[in-house]
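Novice: Supplied in structure tokens, the structure appears directly below.
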Amino acid sequence: MNSNNTLAIVVPCYNEEDAFPITVKSLTNFLGGLIRAEKVSKNSFLLFVDDGSKDKTWQLIEAETKQNPLVRGLKLSGNVGHQNALLAGLLTANEDSDLTVSIDADLQDDINAIEKMVDAYHDGADIVYGVRSDRKSDSVFKRTTAQGFYKLMSAMGVKTVYNHADFRLMSHRAVEALSQYKERNLFLRGIVPLIGFKTESVYYERAKRVAGESKYPLKKMLKFAFDGITSFSVKPISLITALGIIIIICSIAAFIYTLVSYFTGNTEPGWASLIISIWFLGGVQLSAIGIVGQYIGKIYVESKERPRYNIEKYVKYSKEQ
Ligand code: UDP
Ligand code: MG
């Protein structure tokens with residue numbers, strides 16, 4: 001067991017004044033336990049990120065840092081959204097930590113799974129995903145929309161971990177690699193699997209929110225899904241190209257049909273040429289837009305300047321081996 005590793009638990013908070021007192025208590029007890037069991041170092045800490053809350057969240061965090069040595073607070077200048085708040089927390093925590101765990105402020109994720117994550121880290125994993133083994137606690141609506149979301153993402157070619165939200169452990173170097181992904185439209189669940197390194201999963205049951213209400217109404221959820229797809233996949237553009245080609249094929253069928261109608265004599269003058277042009281031009285236009293789109297898609301991907309690789313190990317010859 002290596003107790004020299006400093007763990008940082010990062011908690012993004014947006015209007016969480018109801019949940020915060022409960023959460024900070026549970027996490028303090030839990031982290032204290034890990035330190036006493038010598039699973040992590042005494043320097044380990046909790047980092048609460050206030051994502052521009054409009055309620056008393058920051059006052060509560062700040063007050064807590066004055067009397068709880070395990071707690072740190074980071075206040076963002078305004079509301080930047082869950083993903084960006086989380087990134088701010090991870091990058092800040094990484095300056096003083098060897099491993100980070102991100103968890104929501106509502107404790108829907110089972111904090112006891114963190115211990116299993118830390119064990120997996122000690123066994124050599126760089127990234128450990130917390131995966132929900134069941135969703136009984138979520139409403140039917142939340143469950144179906146969330147699962148539809150994962151299915152849609154994979155149909156669009158975005159690699160995500162099924163039933164994993166943003167509850168995960170990352171090693172120091174994994175967070176460092178993450179910081180090289182420069183995009184502004186952040187979708188961490190899509191980026192983290194691209195980092196590579198040894199990954200593990202731990203399973204847990206998802207609970208209900210300890211207090212307060214969901215900060216993800218349907219509108220935000222849809223935007224999140226749309227962002228996720230358009231930030232990771234140019235498939236929608238390929239679909240336009242494909243549709244254009246299908247319509248060109250249809251225009252050939254329409255061409256044959258109109259010719260037959262024309263020769264059997266039951267058409268108005270001008271109808272045949274008109275209908276063929278409509279179908280054919282429609283198809284040509286769509287596929288042309290699609291092809292232009294493919295180039296825009298490439299520019300889009302290039303403009304992200306993502307790293308092309310992350311180095312996991314660098315071995316050199318040494319005599320002592
Ligand atoms: N959150 C945030 N900024 C936002 C919205 C949410 O930091 O703009 C935080 C929120 O405080 C919580 C986490 O993101 O810790 C997940 O939000 P929530 O639990 O409301 O989402 P749900 O579990 O309902 O999907
Ligand atoms: Mg939640």
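The values are calculated or read from the model by the stated rules, or taken from the named source; none is laboratory data. Fair warning: this is a prediction, and the values are worked out from it, not measured in the lab. Note that each Cβ is placed from the backbone with ideal geometry, even for glycine, and that neighbours are counted across all protein chains shown.
Novice: Looking only at segment 164-221, filter to residues that are in a loop (DSSP other than H, G, I, E, B) and among the aliphatic types (A, V, I, L, M); which one of those is surrounded by the most Cβ atoms within 10 Å (Cβ to Cβ)?
Specialist: Of everything passing the filter in segment 164-221, Leu186 is surrounded by the most Cβ atoms within 10 Å (Cβ to Cβ).
Novice: Another question, then. Return the residues of segment 152-174 that are touching a Pro at 6+ places or on another chain (Cβ under 8 Å) and either of a type outside the set (A, V, I, L, M, F, W, C) or touching a residue at least 60 places away in the same chain (Cβ under 8 Å) (or both); say none if nothing qualifies. Before the answer, list the steps.
Specialist: Quick first cut of segment 152-174, residues touching a Pro at 6+ places or on another chain (Cβ under 8 Å) only: 156, 159-161.
Once the filter is applied, which keeps residues that are touching a Pro at 6+ places or on another chain (Cβ under 8 Å) and either of a type outside the set (A, V, I, L, M, F, W, C) or touching a residue at least 60 places away in the same chain (Cβ under 8 Å) (or both), segment 152-174 yields Met156, Lys159, Thr160.
Yes or no, residue by residue, for (1) more than 16 Å from ligand 2 (Cβ to nearest atom); (2) over 16 Å from the mean Cα position of the chain (by Cα); (3) of a type outside the set (Val, Ile, Thr):
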site: Leu178; (1), (2), (3): yes, no, yes
site: Arg184; (1), (2), (3): yes, no, yes
site: Arg189; (1), (2), (3): no, no, yes
site: Ile195; (1), (2), (3): yes, no, no
site: Ile229; (1), (2), (3): yes, no, no
site: Ser233; (1), (2), (3): yes, no, yes
site: Leu239; (1), (2), (3): yes, yes, yes
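Novice: If you don't mind, another one. Among the numbered criteria (1) closer than 30 Å to Ser139 by Cα; (2) loosely packed, with under 11 Cβ neighbours inside 10 Å; (3) modelled with pLDDT under 80; (4) of a type outside the set (S, T, N, Q), which one does Glu320 miss?
Specialist: (1)
Novice: Now, a different point. If I ask for residues that are farther than 23 Å from Asn84 by Cβ, crowded, with 18+ Cβ neighbours inside 10 Å and not aliphatic (A, V, I, L, M), which ones from segment 95-137 would you list?
Specialist: Asp98, Asp110, Lys116, Tyr121, Arg132
Novice: Being within 15 Å of ligand 1 (Cβ to nearest atom) and over 19 Å from Tyr216 (Cα atoms) is the requirement here; does Leu188 meet it? Break it down into steps so the answer makes sense when it comes.
Specialist: Working: within 15 Å of ligand 1 (Cβ to nearest atom): yes; over 19 Å from Tyr216 (Cα atoms): no.
No; evaluated as a whole, the condition is false for this residue.
Novice: Tally up the residues in segment 1-42 that are in a loop (DSSP other than H, G, I, E, B) and either away from ligand 1 (no atom under 13 Å from the Cβ) or in contact with a Ser or Thr (Cβ under 7 Å, 6 or more places away or on another chain) (or both), please.
Specialist: We begin by selecting, within segment 1-42, every residue in a loop (DSSP other than H, G, I, E, B); these are 1-6, 14-19, 37-42.
Still in the list and also either away from ligand 1 (no atom under 13 Å from the Cβ) or in contact with a Ser or Thr (Cβ under 7 Å, 6 or more places away or on another chain) (or both): 1-6, 14-17, 37-42.
Of the residues in that region, 16 qualify.
Novice: Say whether the condition of being within 12 Å of ligand 1 (Cβ to nearest atom), among the β-branched types (Val, Ile, Thr) and buried (at least 22 other Cβ atoms within 10 Å of the Cβ) is met by at least one residue in segment 68-85.
Specialist: No; the residues of segment 68-85 include none that is within 12 Å of ligand 1 (Cβ to nearest atom), among the β-branched types (Val, Ile, Thr) and buried (at least 22 other Cβ atoms within 10 Å of the Cβ).
Novice: Is it the case that some residue within segment 168-180 is of a type outside the set (Phe, Trp, Tyr) and within 30 Å of Ile289 (Cα to Cα)? Break it down stepwise before answering.
Specialist: Kept after step one, since they are of a type outside the set (Phe, Trp, Tyr), are these residues of segment 168-180: 168-180.
Restricting the remaining residues to those that are within 30 Å of Ile289 (Cα to Cα) gives none.
Looking for residues that are of a type outside the set (Phe, Trp, Tyr) and within 30 Å of Ile289 (Cα to Cα), one finds none in segment 168-180, hence no.
Novice: Inspect all residues belonging to segment 243-258 and state whether any of them is surrounded by fewer than 18 Cβ atoms within 10 Å (Cβ to Cβ), polar (S, T, N, Q) and without any contact (Cβ under 8 Å) to a residue 60 or more places away in the chain.
Specialist: no
Novice: Just to check your reading of the model, which residue among Thr23, Thr100, Thr28 is within 15 Å of ligand 2 (Cβ to nearest atom) and hydroxyl-bearing (Ser, Thr, Tyr)?
Specialist: Values: Thr100 fails: within 15 Å of ligand 2 (Cβ to nearest atom); Thr28 fails: within 15 Å of ligand 2 (Cβ to nearest atom).
Selected residue: Thr23, the only one of Thr23, Thr100, Thr28 that is within 15 Å of ligand 2 (Cβ to nearest atom) and hydroxyl-bearing (Ser, Thr, Tyr).
Novice: Another question, then. From Ser77, Ser53, Ser97, which residue is at pLDDT below 90 and either of a type outside the set (Lys, Arg) or under 19 Å from Ile114 (Cβ atoms) (or both)?
Specialist: Values: Ser53 fails: at pLDDT below 90; Ser97 fails: at pLDDT below 90.
Sole residue among the options that is at pLDDT below 90 and either of a type outside the set (Lys, Arg) or under 19 Å from Ile114 (Cβ atoms) (or both): Ser77.
Novice: When residues of segment 116-137 are filtered for being in contact with a Ser or Thr (Cβ under 9 Å, 6 or more places away or on another chain) and not aliphatic (A, V, I, L, M), how many remain? Even if it seems obvious, please write down each step before you answer.
Specialist: First, the residues of segment 116-137 that are in contact with a Ser or Thr (Cβ under 9 Å, 6 or more places away or on another chain): 120-121, 125-131.
Of the ones still in play, those that are also not aliphatic (A, V, I, L, M) are 121, 126, 129-130.
Going through segment 116-137 one residue at a time, the tally reaches 4.
Novice: Kindly establish whether Ser277 is surrounded by 14 or more Cβ atoms within 10 Å (Cβ to Cβ), polar (S, T, N, Q), modelled with pLDDT of 80 or more and part of a helix (DSSP H, G or I).
Specialist: Numbers: surrounded by 14 or more Cβ atoms within 10 Å (Cβ to Cβ): no; polar (S, T, N, Q): yes; modelled with pLDDT of 80 or more: yes; part of a helix (DSSP H, G or I): yes.
Considered against the rule, which asks whether it is surrounded by 14 or more Cβ atoms within 10 Å (Cβ to Cβ), polar (S, T, N, Q), modelled with pLDDT of 80 or more and part of a helix (DSSP H, G or I), Ser277 comes out as no.
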